[in-house]
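In what follows, a structure is listed as structure tokens, so that the remarks can point back to it.
Rule-based calculations on the coordinates, nothing more; no lab input. Note that the structure is a prediction, hence the values are computed from the model and not measured. Using ideal geometry, Cβ is built from the backbone for each residue, glycine included, and neighbour counts are taken over all protein chains shown.
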Amino acid sequence: MAYTDIDPHLVAPKRFVSLAHLRQVEQADYPALHETTGLSMPDLSKVLRDLEARGLVEISKERKNRYGMTLARLTPEGRRTFQDLVETLRRIAGS
């Protein structure tokens, strides 16, 4: 078990909490993510765009009544990647 087993990009706190929240829900809108992660909207937007570019998160825009809503969800690859990361951290921590 070496530090190289951990993807430093994904254990960065802002990315990690975003992935952790999305792992627990089917999808989330920006206000829900903002509330649960404590990230500012600009930080959240930047983190989600980055995770989307890596193929871990899918962003979609939907209309609810007359208003637009942006939703985020983990892709199947994102779900596997996050699960692998958590398992690696547990293994290293000895749990």
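Per-structure values
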{"read-out": "Subset of the range 39-95 (residues that are hydrophobic (A, V, I, L, M, F, W, C) and within 10 Å of the chain's Cα centre (by Cα))", "value": "44, 47, 48, 51, 56, 57, 72, 74, 82"}
{"read-out": "Residue selected from the range 54-89 under the condition of a type in the set (Ser, Thr, Tyr) and free of Cβ contacts under 8 Å to residues at least 60 places away in the same chain, by the criterion nearest to residue 32 (Cα to Cα)", "value": "70"}
{"read-out": "Helices (runs of 4 or more DSSP H) (entirely within the range 1-82) containing at least 3 residues that are crowded, with 16+ Cβ neighbours inside 10 Å and of a type in the set (A, V, I, L, M)", "value": "13-24, 41-53"}
